[in-house]
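K.L.:
Just dropping this structure here.
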Amino acid sequence: MTHPITHTGISRRRAVATLGLGGLAVTLVPLSAEATPDSAKKLLSDLVKAAPKAGKVQIKTQEIAENGNTVPVRITVDSPMTDADYVKEIHVVSDQNPQPGVASFRLTPASGKAEVEFRMRMAETQNVIAVAVMSDGSAWTAAREVKVTIGGCGG
């Protein structure tokens, strides 16, 4: 019987994922049991101290997701990403998923641009809400409704 050779060191891919590429790190947000518009709002108010204003944030995703199992989402924030003016955090919540917290991203000027891209599962039609916290403490937000025709979270 042959045994596969295993490598006990850390791979370059794991090191990049662990340390964060270009100053980007992902933090999982503590999640509650069932998302509602109110629980999504509360989570954002716990994460972001400033009252978010509309603008600077864009959410790019499908208007209609034929399958909620994997919906691509891209969040971009209008920011020069300089030492004096950059996006510190991007928080993403959903108001109808089993959990309101989707992801939180921490950025630095070394990130180069204020853009994150990921895929998420959506159980049903819902709003995806993103809030960007800037280096000066201000917060900006955007929301986008995604209509799901086949649920991705057991629906």
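Yes or no, residue by residue, for (1) in contact (Cβ under 8 Å) with a residue 40 or more places away in the chain; (2) of a type in the set (Gly, Ala, Ser); (3) in contact with a His (Cβ under 9 Å, 6 or more places away or on another chain); (4) surrounded by 17 or more Cβ atoms within 10 Å (Cβ to Cβ):
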{"site": "46", "(1), (2), (3), (4)": "no, no, no, no"}
{"site": "65", "(1), (2), (3), (4)": "yes, yes, no, yes"}
{"site": "69", "(1), (2), (3), (4)": "yes, no, no, no"}
{"site": "104", "(1), (2), (3), (4)": "yes, yes, yes, yes"}
{"site": "137", "(1), (2), (3), (4)": "yes, yes, no, no"}
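Let's see how each residue does on (1) surrounded by fewer than 21 Cβ atoms within 10 Å (Cβ to Cβ); (2) of a type in the set (A, V, I, L, M); (3) out of contact with any Cys (no Cβ under 7 Å at 6 or more places or on another chain); (4) in a strand (DSSP E or B):
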position: 82; (1), (2), (3), (4): yes, no, yes, no
position: 90; (1), (2), (3), (4): no, yes, yes, yes
position: 99; (1), (2), (3), (4): yes, no, yes, no
position: 113; (1), (2), (3), (4): yes, no, yes, no
position: 124; (1), (2), (3), (4): yes, no, yes, no
position: 129; (1), (2), (3), (4): no, yes, yes, yes
position: 133; (1), (2), (3), (4): no, yes, yes, yes
position: 141; (1), (2), (3), (4): yes, no, yes, yes
position: 150; (1), (2), (3), (4): yes, yes, yes, no
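K.L.:
If I filter segment 69-80 down to residues being β-branched (Val, Ile, Thr) and in a strand (DSSP E or B), which single residue comes out as farthest from residue 120 (Cα to Cα)? Write out each step before concluding.
P.N.:
Here is the first cut: in segment 69-80, the ones β-branched (Val, Ile, Thr) are 70-71, 73, 75-77.
Applying the additional criterion that residues be in a strand (DSSP E or B) yields 71, 73, 75-77.
Numbers: 71: 5, 73: 7, 75: 13, 76: 16, 77: 19 Å.
Checked segment 69-80; the qualifying residue farthest from residue 120 (Cα to Cα) is 77.
K.L.:
Starting from segment 77-96, take each residue that is under 9 Å from residue 109 (Cα atoms) and list its partners that are surrounded by fewer than 21 Cβ atoms within 10 Å (Cβ to Cβ) and hydrophobic (A, V, I, L, M, F, W, C), counting only C-beta distances under 8 angstrom and pairs at least six apart or across chains.
P.N.:
So the pair list comes out as 85/134; 86/134; 87/81; 87/134; 88/134.
K.L.:
Would you check if there is a residue in segment 23-46 being within 18 Å of residue 129 (Cβ to Cβ), at pLDDT 95 or above and not in a strand (DSSP E or B)? Lay out the reasoning, then the answer.
P.N.:
Within segment 23-46, the first condition is being within 18 Å of residue 129 (Cβ to Cβ), and the residues that meet it are 26-32, 34-46.
Those left that are additionally at pLDDT 95 or above: none.
No: zero hits.
The values are calculated or read from the model by the stated rules, or taken from the named source; none is laboratory data. Every value quoted in this text rests on a predicted model; they were computed, and no experiment measured them. No Cβ is skipped: glycine too gets one built from the backbone with ideal geometry, and neighbour counts run over all protein chains shown.
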